[in-house]
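Step one of this worksheet: look at the structure below.
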Amino acid sequence: QQIQEDMNKQLLDNLVSFLSRSHSDFQEKTTEWTSRMKFREIPTAALVLGVNVTDHDLTFRGLSDVLQDNVTPYVALLEAKDCPGIKNLMQKLMGQLMNCDIDVDSLEDEDCVQVSQNKIRCSMPSLISWYESVTKKTDSETPSKKRNSSSRHWQSPPVVVIFKDMESFAAKVLQDFIVISSQHIHELPLVLIFGIATSPMIIHRLLPHSVSSLLCIELFQSLSCKEHLSTIIDKLLLTSRFPFKLGEKVLQVLINIFLYHDFSVQNFIKGFQLCIVEHFYSQPLSVLCCHLVDIKKRVYSLSHDQCENIRRLPSFRRYVEKQESGKQIELLTNDSFLKEETEKLLEDLHVYHENYVSILRCLHVFTSSLPKYPLGKQIRELHCACLENQVWETNEYESSLQLARMLNKTDLVTMLQQCVEILVSSSGKEFDKTVKHLKEFLTQFQNLEGFEASQEQDVSVSSQKELQKKTDLYHLQKTLLELKESRRSKKLTKFEMLRFEVVDYIDRLVRKYLVPAGDRTLHEIVYFNAATVLRGHLNAAPRTALHTALNNPHWYLKNEALKCDGGGISNKAPDICIVYKLHLECGRLINLVDWLEAFSTVVTAAEEPNGDAASSDQVDDIIHARFIRAVSELELLGFIKPSKQKTDHVARLTWGGC
């Protein structure tokens, strides 16, 4: 939330500035306001937020809070689902402005709202009268109270109406509201804010020219959801502040859902939270996923069983295999020695994360400036590539190095300066020598300026003289070919040699610090890698879940009485489960009479025979009613439908197993 507030700050400041301009025109009765009043134009902000609709709520809440804290207490947020007609819209609007709850269903036949034991008619004149009364009340307050209120809110504050989902509103409702409001704009400082998910052109599609001409529209554009996601990953994942980390496949699952499904940052965060819950629930050693200062305390409080869990970790077993025989025995048999070694390994893992993030940012400075982005433009793409495998062995990395060896001096100097800033501000303690080395490169580039300029001037003058001597076309071509060949065979200049040194040095840093997390010992403690589990939670398979619930209710209900072996049907199961399993044994058309008899047989299988005919008929009626209800539920779920061929049959709609 803090990150989103920081990202939306510029947008909110611009909206407040827009309201300020609109309000000053109203308050001072300027020429612009007078002309606007003459044409009955309503100040309107078209706020384009993008298709990530699930993220809009947080933005609108932030906007509403900012307006109510600094501009005006009169802010109303309207949604299309609450405003099917102009009457409902006015009820909702006045209810929010007057701080009273309205049950729209109870007011269907009334055009009034209940305020302090009084009924107020929901109309624009009533709203104007209410506004004049509350503003006069504010003006009549004592000077001290007035000073306190004016420090937060403007004098005669505007009434801001926010349409959260403009595309979903009925065109007739919007048109009626705008036409009515425009007729009273000289009495009520109304400002509209349209929340738009698609394109500003939707305003002209919903509103005819006669209505849209009543609006004085200014366009505002929020940051794209991709930029928002990159910032979230940068601030939450690529930091040493939080010990919990996402593995490459898990991160890729979340990013793919974001890019190919909903573009929702909020859903990405929910997926991230799900990963945290799943990791701490399923990983017995997640107690060690903590900050550096807490490692020692938690390691030495481990039980013997938890020590055994450490010994079972694949990365730890690989680590043990590389040790000498004496140390191997101690690690596998001595819990105290294991705890000491675990503390060192976890501290090394924290240091690795600090160094990894800093060098990753330095590498991103180089790769994001290349023309073709072989490793991707966003840092999240580079991060995924580094988590997946040794990035220096990929073709994309080789292409990036080749392009980096062709950069000009200005770009190289700028990149080196950015890398120095990153490493100086880093929490890693190993970068003092690296920063010193990079500063030496910068000094060498500065010393090259005078020498390279004179050398290039001498070469250009000599080549021009050669070309001026040969006026014949044949000799001119020959000279050009000789110059081209000489450039190929000539020695590298000092700048080119220095550029190669810089790129090779960055390459050595990458190979040293950007080792994949999967190669680090005890990475399972802090990294969540169960991509299959996450995919099962997030990628819904409703048909499979429905089949499992109906075919094997014990899977969800955990009731031992519902267990049945060998594909049998338990009479303790819910009626719909019995009907469903019986329908699986039928063909395309199902005879309802036969189906009812089979259902009755299963239900009464464990019951003792009753000789009373009257009670038997009553039981049959109850079973019949239960059967009809179960069949209706099955039809509602889409498994069967009535058949036109035979009135006493239903058609089966699903085939094959799940």
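Okay, here's what the table says:
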| item | result |
| --- | --- |
| Surface accessible to a 1.4 Å probe, per residue, for the residues of the stretch 282-342, Å² | 59 |
| Square roots of 5 times each gyration tensor eigenvalue, C-alpha, the stretch 157-230, largest first, Å | 25, 16, 10 |
| Accessible-area composition of the stretch 377-420, carbon plus sulfur, in percent [1.4 Å probe] | 42 |
| 10 Å binning of all Cα-Cα separations within the stretch 240-284, expressed as whole percents from 0 upward | 26, 53, 20, 1 |
| Accessible-area value, Asp13, 1.4 Å probe, nucleic acids and ligands omitted, Å² | 70 |
| C-alpha center-to-center spacing [the stretch 2-21, the stretch 575-607] in angstrom | 63 |
| Residue order for Ser264, Ser426 - accessible surface, 1.4 angstrom probe, largest first | Ser426, Ser264 |
| For His624, solvent-accessible area (1.4 Å; no DNA, RNA or ligand), Å² | 80 |
| Portion, in percent, of the accessible area of the stretch 167-324 that falls on carbon or sulfur, probe 1.4 Å | 55 |
| Listed residue pairs exceeding 25 Å between alpha carbons, taken from Lys433/Lys491; Lys270/Lys558; Lys409/Lys433 | Lys433/Lys491; Lys270/Lys558 |
| Probe 1.4 Å, all protein chains present, accessible-area order of Val510, Val277, largest first | Val277, Val510 |
| Normalised per residue, the volume of the convex hull around the Cα set of the stretch 222-364 (Å³) | 133 |
| Accessible-area value, Tyr352, 1.4 Å probe, nucleic acids and ligands omitted, Å² | 20 |
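The values are calculated or read from the model by the stated rules, or taken from the named source; none is laboratory data. Note that the structure is a prediction, hence the values are computed from the model and not measured. Surface accessibility is based on the protein's heavy atoms, side chains included, excluding ligands, DNA and RNA. Shrake-Rupley method; radii C 1.70, N 1.55, O 1.52, S 1.80 Å.
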